[in-house]
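If you scroll down you'll find the structure; I have some questions about it.
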Amino acid sequence: MSNIFDLEETSVSNMYDNTSALKPRFDFLDTLNVEQRQAVEATEGPLLVLSGAGTGKTRVLTTRLAYILSQGKANPWNCLVVTFTNRAAKEMKARVEEMIGGVASAVWLGTFHSMCVKILRKHAELAGLKANFTILDEDDQRRLIRQILQAEGVDEKKYPPQGLVEKISRLKDKNITPDKITQEFKDNVLIGVYRQYQARLKELNAVDFGDILLLTLEILMKNEDVLAHYQEQFKYIMVDEYQDTNVTQYLFLRLLAQKNRNLCCVGDDDQSIYSWRGAEIENILRFEKDFSDAQVIRLEQNYRSTGNILRAASNLIAHNEGRLGKTLKVAQNSPAGGRENEKIRVVSVYSGQEEAAYVAREIENLHRTEQHYADMAVLVRTAAQMREFEERFIKEAISYQVVGGPKFYERLEIRDALAYFRVVAQPNDDLALERIINKPARKIGDKSVQKFRDYAYENHLSLLEALKEMVKNQLISGQLLSAVGALVAKFESWQKASKEVKLDVLAERILEESGYFEMLKNDGSIEAEGRIENLQELINVMSDEENYPSLEAFLEHVSLVMEADDAVRTNKVMLMTLHSAKGLEFETVFLAGWEEGLFPHERALNEGGSAALEEERRLAYVAITRAKQKLYILSAYSRKVFGQWQNNQPSRFLNEIPSDCLQISNMAYATYQKPKANFEKHISHSCQNVYYEPDETYGARQKQNYKGMRVYHASFGYGTLMSVEDDDKCVVYFDKLGRKKIYASYLRRA
């Protein structure tokens with residue numbers, strides 16, 4: 001038999017006749033439910049398959065492809081199937097081959113990037129490239145942009161390369177090339193860098209990941225013969241996770257589907273949670289407007305979760321206005337149908353530490369009686385929340401794995417901060433000093449660092465001592481002398497302060513005065529915001545004077561935590577952010593930190609408007625539907641933020657879940673203090689009902705939390721109430737003046 005990639009001269013029917021190994025099987029249709037089978041057999045014309053969580057979308061896609069090929073409707077190379085991850089593509093190809101044999105290998109099946117790079121290499125000259133072009137990774141992109149900034153004399157601190165990389169990527173996601181920028185923005189630094197960056201890429205015969213899609217789309221739009229070829233070739237187009245497509249991907253799919261119009265998009269508008277990556281939920285919401293004759297099939301039979309979990313998810317997401325609508329229900333032959341329909345446990349605790357302790361106890365109880373560690377997961381809104389759980393799991397010898405990123409103390413920004421602290425505590429720590437000597441950028445290059453090393457070695461000094469001598473004796477000059485002198489002076493100041501101020505104050509001072517916080521703030525990227533949150537959590541840890549009486553004691557604790565190594569390697573509790581959990585499922589899920597300002601996140605509440613809040617709610621929907629059997633939702637009455645205790649109101653999302661799905665356990669009630677009477681007199685009438693109650697029944701709800709309320713001060717103007725302290729002081733973030741403490745009697749509701 002000829003190679004499967006050389007079969008373009010042979011029809012599918014001939015292949016089936018020539019070998020019994022490739023004869024079609026139709027029994028795979030018998031495993032589908034009614035809606036799934038409708039989606040598989042609706043092969044002609046535009047089709048939108050709205051597939052709720054756990055409803056078998058991968059089965060539908062793979063079976064649909066197998067059905068098209070086995071029916072002889074198209075040759076394998078006439079089918080384009082696009083996924084978002086290599087893992088999904090590999091799984092899909094394996095399933096199709098299991099159904100119909102090796103013929104599936106000739107299908108164009110893979111990620112958007114892998115499919116587009118095949119087209120781009122074949123027609124590279126139409127994009128001004130050679131076929132052997134290089135694909136740059138993020139590190140290469142940063143270095144290239146750094147070269148452009150240096151050549152133009154642009155301050156890297158004000159315009160960090162990483163932030164520019166992300167902004168350029170977002171422009172490419174929206175199909176915005178430099179020539180499409182309107183005139184009023186042409187003098188903008190970002191646009192100037194973007195224009196030079198694209199020109200430099202062509203000189204290098206290179207592309208970045210955004211270009212792979214953008215340039216392929218350009219080739220198709222500008223070359224009618226090339227477009228006609230691929231429109232003719234791809235008779236059937238299928239795309240997975242359609243709700244995650246960006247503008248460029250959307251235009252690419254629509255363009256290819258114009259001739260045959262057999263475009264099948266499978267997705268879930270309720271699971272669109274990646275707008276910060278460029279995903280456009282409007283792509284799936286307007287499908288019926290783009291294709292007036294489109295069929296829409298809803299997959300609502302869930303094969304994963306119990307009834308209460310599905311009711312909770314469906315009722316929660318129903319509060320979103322921007323959705324097409326569907327309701328999940330337990331499938332008749334679902335494994336969940338035979339399980340006990342347990343209520344969702346909503347647990348309020350007093351603090352973040354108690355939250356981690358409670359989760360650890362429950363995990364151990366479940367592990368002893370019925371479940372493996374690998375069957376359980378803890379999902380958090382931000383990576384900074386992981387630290388409490390990591391330390392508790394280590395203390396309790398619970399085997400765990402952080403998914404989607406390094407462990408807390410192994411993160412880049414945390415290691416950088418610790419390097420500063422190590423030099424303050426131990427001035428002879430040359431390795432730590434070398435790590436941060438030019439971070440943030442101080443124009444201290446590698447050659448200069450080598451010069452410092454050589455001087456230290458020749459004079460039997462530590463690196464910091466060598467710097468001091470070289471500054472004192474002016475063995476260096478110019479900008480280098482100024483930069484090194486300033487750094488040496490700062491370390492001397494911090495070493496003195498380490499004996500005089502609290503650890504958290506010292507940490508915040510070091511990160512501010514070193515310029516590290518400023519570097520991240522100027523970056524402006526989503527990644528930078530997460531790094532700032534992680535550093536704030538590090539400062540919170542250091543505010544524990546009882547456990548860490550000195551900087552040396554804290555660094556010793558960190559060393560021991562980082563050195564801890566689990567004996568069990570294959571059976572671990574999964575610890576991850578909600579975004580990382582999409583596509584996964586677990587018998588038991590713990591959802592931590594369901595509090596206003598944390599989830600929904602403060603950024604969404606203050607800056608994003610209704611669209612951002614709806615995406616937070618979709619994230620909550622994704623979180624709930626990860627659980628198969630047991631689900632815990634936790635909220636803490638108070639957490640430390642910037643080293644201060646902050647009272648929190650439970651997440652509004654809890655009020656959007658039917659009460660009869662919940663079993664409420666209020667462990668915080670006995671320990672937290674009610675607000676003082678005069679504060680209640682001033683503003684208690686404005687607070688919202690929350691889920692803090694004295695027992696596990698629905699009695700009269702307490703009105704105890706005011707976080708997020710808008711207030712007004714005669715001198716300072718309007719602001720947002722952040723927390724209330726025991727002495728009747730309020731922490732308010734004023735719109736124009738920032739964060740201030742003020743007595744409640746001076747405030748009125750805005």
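The values are calculated or read from the model by the stated rules, or taken from the named source; none is laboratory data. What you see is a predicted model, and the numbers here were worked out from it, not measured in a lab. Virtual Cβ from ideal backbone geometry, glycine too; neighbours counted across all protein chains shown. When the accessible area is computed, the model is the full protein with side chains, heavy atoms only, and any ligands, DNA or RNA have been set aside. Shrake-Rupley method; radii C 1.70, N 1.55, O 1.52, S 1.80 Å.
Quick one: Asn438 ticks every box in (1) open to solvent by 30 Å² or more (accessible area, probe 1.4 Å); (2) assigned to a helix (DSSP H, G or I); (3) modelled with pLDDT of 90 or more except a single one, so which number is it?
(2)
Now a separate question. Does Val505 satisfy being in contact with a Leu (Cβ under 9 Å, 6 or more places away or on another chain), in contact (Cβ under 8 Å) with a residue 24 or more places away in the chain and surrounded by 15 or more Cβ atoms within 10 Å (Cβ to Cβ)? Give the derivation first.
Working: in contact with a Leu (Cβ under 9 Å, 6 or more places away or on another chain): no; in contact (Cβ under 8 Å) with a residue 24 or more places away in the chain: yes; surrounded by 15 or more Cβ atoms within 10 Å (Cβ to Cβ): yes.
Taking the combined requirement at face value, the residue does not satisfy it.
For segment 510-523, which residues satisfy the criterion of being in contact (Cβ under 8 Å) with a residue 12 or more places away in the chain and within 29 Å of the chain's Cα centre (by Cα)? If you could, list the steps in order and put the result at the bottom.
Initial filter on segment 510-523 (in contact (Cβ under 8 Å) with a residue 12 or more places away in the chain): 510-511, 513-520, 522-523.
Of everything in segment 510-523, those that are in contact (Cβ under 8 Å) with a residue 12 or more places away in the chain and within 29 Å of the chain's Cα centre (by Cα) turn out to be Ile510, Leu511, Ser514, Gly515, Tyr516, Phe517, Glu518, Met519, Leu520, Asn522, Asp523.
I'm trying to understand the selection: among the residues of segment 242-270, which are farther than 18 Å from Gly45 by Cα, part of a loop (DSSP other than H, G, I, E, B) and touching a Ser or Thr at 6+ places or on another chain (Cβ under 8 Å)?
Asp268
Check Leu511, Leu480, Leu506 and return the single one that is under 14 Å from Ala425 (Cα atoms) and out of contact with any Cys (no Cβ under 6 Å at 6 or more places or on another chain).
Criteria check complete, one pass: Leu506.
Consider Asp208 carefully, then state whether it is at pLDDT below 95 and under 30 Å from Arg59 (Cα atoms).
Numbers: at pLDDT below 95: yes; under 30 Å from Arg59 (Cα atoms): no.
For Asp208, the condition - at pLDDT below 95 and under 30 Å from Arg59 (Cα atoms) - is not met.
Look at segment 439-460 and say how many of its residues are over 25 Å from Glu513 (Cα atoms) and among the small types (Gly, Ala, Ser).
Total meeting the criteria: 1.
The rows are residues; the columns are (1) out of contact with any strand residue (DSSP E or B) (no Cβ under 9 Å at 6 or more places or on another chain); (2) open to solvent by 70 Å² or more (accessible area, probe 1.4 Å); (3) within 30 Å of Asn78 (Cα to Cα); (4) of a type in the set (A, V, I, L, M).
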position: Glu166; (1), (2), (3), (4): yes, no, no, no
position: Val193; (1), (2), (3), (4): yes, no, no, yes
position: Glu203; (1), (2), (3), (4): yes, yes, no, no
position: Asp208; (1), (2), (3), (4): no, no, yes, no
position: His229; (1), (2), (3), (4): yes, yes, yes, no
position: Glu232; (1), (2), (3), (4): yes, yes, yes, no
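Please count how many residues of segment 330-385 are closer than 23 Å to Asn534 by Cβ and more than 29 Å from the chain's Cα centre (by Cα).
0
Scan segment 396-424 and report the pairs whose first residue is touching a residue at least 60 places away in the same chain (Cβ under 8 Å) and of a type in the set (Phe, Trp, Tyr) and whose second residue is assigned to a loop (DSSP other than H, G, I, E, B) and open to solvent by 10 Å² or more (accessible area, probe 1.4 Å), with Cβ atoms within less than 6 Å and a gap of 6+ or a chain change.
Tyr400/Lys572
Every residue in segment 306-343 that is open to solvent by less than 20 Å² (accessible area, probe 1.4 Å) and touching a Ser or Thr at 6+ places or on another chain (Cβ under 6 Å), please.
Ala313, Ser314, Leu328, Ala336
Looking at this structure, is Ala397 on the phi > 0 side of the Ramachandran plot and among the hydrophobic types (A, V, I, L, M, F, W, C)? Please lay out each step first, then the result.
Values: on the phi > 0 side of the Ramachandran plot: yes; among the hydrophobic types (A, V, I, L, M, F, W, C): yes.
Yes: the conditions hold for Ala397.
Just one of the numbered conditions (1) in contact with a Lys or Arg (Cβ under 9 Å, 6 or more places away or on another chain); (2) at pLDDT 90 or above is not true of Met115; which one?
The failed condition is (1).
Let me ask you something else. Could you please tell me which pairs satisfy a Cβ distance under 7 Å, a separation of 6+ or placement on different chains, a first residue in segment 602-631 that is touching a residue at least 12 places away in the same chain (Cβ under 8 Å) and closer than 14 Å to Lys582 by Cα, and a second residue that is among the charged types (D, E, K, R) and part of a helix (DSSP H, G or I)?
Cβ pairs passing all conditions: Arg618/Asp270; Tyr621/Asp270.
Leu464: crowded, with 20+ Cβ neighbours inside 10 Å, at pLDDT 90 or above and closer than 23 Å to Arg387 by Cβ, yes or no?
Details: crowded, with 20+ Cβ neighbours inside 10 Å: yes; at pLDDT 90 or above: yes; closer than 23 Å to Arg387 by Cβ: no.
Judged against the criteria, Leu464 is not a match.
Yes/no matrix, rows are residues, columns are (1) touching an Asp or Glu at 6+ places or on another chain (Cβ under 6 Å); (2) within 16 Å of Glu596 (Cα to Cα); (3) at pLDDT 70 or above; (4) not aromatic (Phe, Trp, Tyr):
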| residue | (1), (2), (3), (4) |
| --- | --- |
| Gln704 | no, yes, no, yes |
| Gly708 | yes, yes, yes, yes |
| Val731 | no, yes, yes, yes |
| Lys736 | no, no, no, yes |
| Lys740 | no, no, yes, yes |
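Same structure again: Take the residues in segment 286-333 that are assigned to a helix (DSSP H, G or I) and free of Cβ contacts under 8 Å to residues at least 24 places away in the same chain; name whichever of them is nearest to Asn175 (Cα to Cα).
Step one: of segment 286-333, the residues assigned to a helix (DSSP H, G or I) are 287-290, 307-317.
Checking which are free of Cβ contacts under 8 Å to residues at least 24 places away in the same chain leaves us with 289, 314.
Numbers: Lys289: 21, Ser314: 34 Å.
In this case the residue turns out to be Lys289.
What number of residues within segment 367-389 satisfy the criterion of being in contact with a Lys or Arg (Cβ under 8 Å, 6 or more places away or on another chain) and open to solvent by 10 Å² or more (accessible area, probe 1.4 Å)? Walk me through it before giving the result.
First, the residues of segment 367-389 that are in contact with a Lys or Arg (Cβ under 8 Å, 6 or more places away or on another chain): 373-374, 377, 379, 383, 386.
After this cut, where a residue has to be open to solvent by 10 Å² or more (accessible area, probe 1.4 Å) as well, the list is 373-374, 383.
Qualifying residue count for the region: 3.
State the number of residues belonging to segment 251-272 that are open to solvent by 10 Å² or more (accessible area, probe 1.4 Å) and within 30 Å of Ile624 (Cα to Cα).
1
I'd like to know if segment 275-285 contains one or more residues that are part of a strand (DSSP E or B), in contact with a strand residue (DSSP E or B) (Cβ under 7 Å, 6 or more places away or on another chain) and of a type outside the set (S, T, N, Q). Outline the logic, then answer.
Our first condition is that a residue be part of a strand (DSSP E or B); within segment 275-285, this holds for none.
Within segment 275-285, none of the residues are part of a strand (DSSP E or B), in contact with a strand residue (DSSP E or B) (Cβ under 7 Å, 6 or more places away or on another chain) and of a type outside the set (S, T, N, Q).
Here are some residues: Gln479, Gln495. Which one is open to solvent by 10 Å² or more (accessible area, probe 1.4 Å) and either without any contact (Cβ under 8 Å) to a residue 40 or more places away in the chain or of a type in the set (Lys, Arg) (or both)? Can you show your working first?
Details: Gln495 fails: either without any contact (Cβ under 8 Å) to a residue 40 or more places away in the chain or of a type in the set (Lys, Arg) (or both).
From the options Gln479, Gln495, the qualifying one is Gln479.
How many of the residues in segment 339-379 are of a type in the set (Val, Ile, Thr) and outside any strand (DSSP E or B)? I'd like the intermediate steps shown before the answer.
Of all residues in segment 339-379, those of a type in the set (Val, Ile, Thr) come to 344, 346-347, 349, 359, 363, 369, 378.
Filter again for outside any strand (DSSP E or B), leaving 359, 363, 369.
Selection size over segment 339-379: 3.
With respect to the numbered conditions (1) open to solvent by less than 40 Å² (accessible area, probe 1.4 Å); (2) under 32 Å from the mean Cα position of the chain (by Cα), which one is the sole condition not fulfilled by Ser448?
All conditions are met except number (2).
The conditions are (1) in contact with a strand residue (DSSP E or B) (Cβ under 8 Å, 6 or more places away or on another chain); (2) at pLDDT 85 or above; (3) under 25 Å from Phe393 (Cα atoms), and His579 fails exactly one of them. Which is it?
(1)
Kindly provide the set of residues from segment 380-413 that are polar (S, T, N, Q) and not in a helix (DSSP H, G or I), ordered by number. It would help to see each step written out before you state the result.
First, the residues of segment 380-413 that are polar (S, T, N, Q): 382, 385, 399, 401.
Of everything in segment 380-413, those that are polar (S, T, N, Q) and not in a helix (DSSP H, G or I) turn out to be Thr382, Ser399, Gln401.
Looking at the structure I just gave you, is Asn132 under 17 Å from Asp208 (Cα atoms), open to solvent by 80 Å² or more (accessible area, probe 1.4 Å) and in contact (Cβ under 8 Å) with a residue 40 or more places away in the chain?
Yes, satisfied.
Which residue pairs have Cβ atoms under 7 Å apart, sit 6 or more places apart or on different chains, and have a first residue in segment 112-128 that is of a type in the set (Ser, Thr, Tyr) and a second that is not in a helix (DSSP H, G or I)?
none
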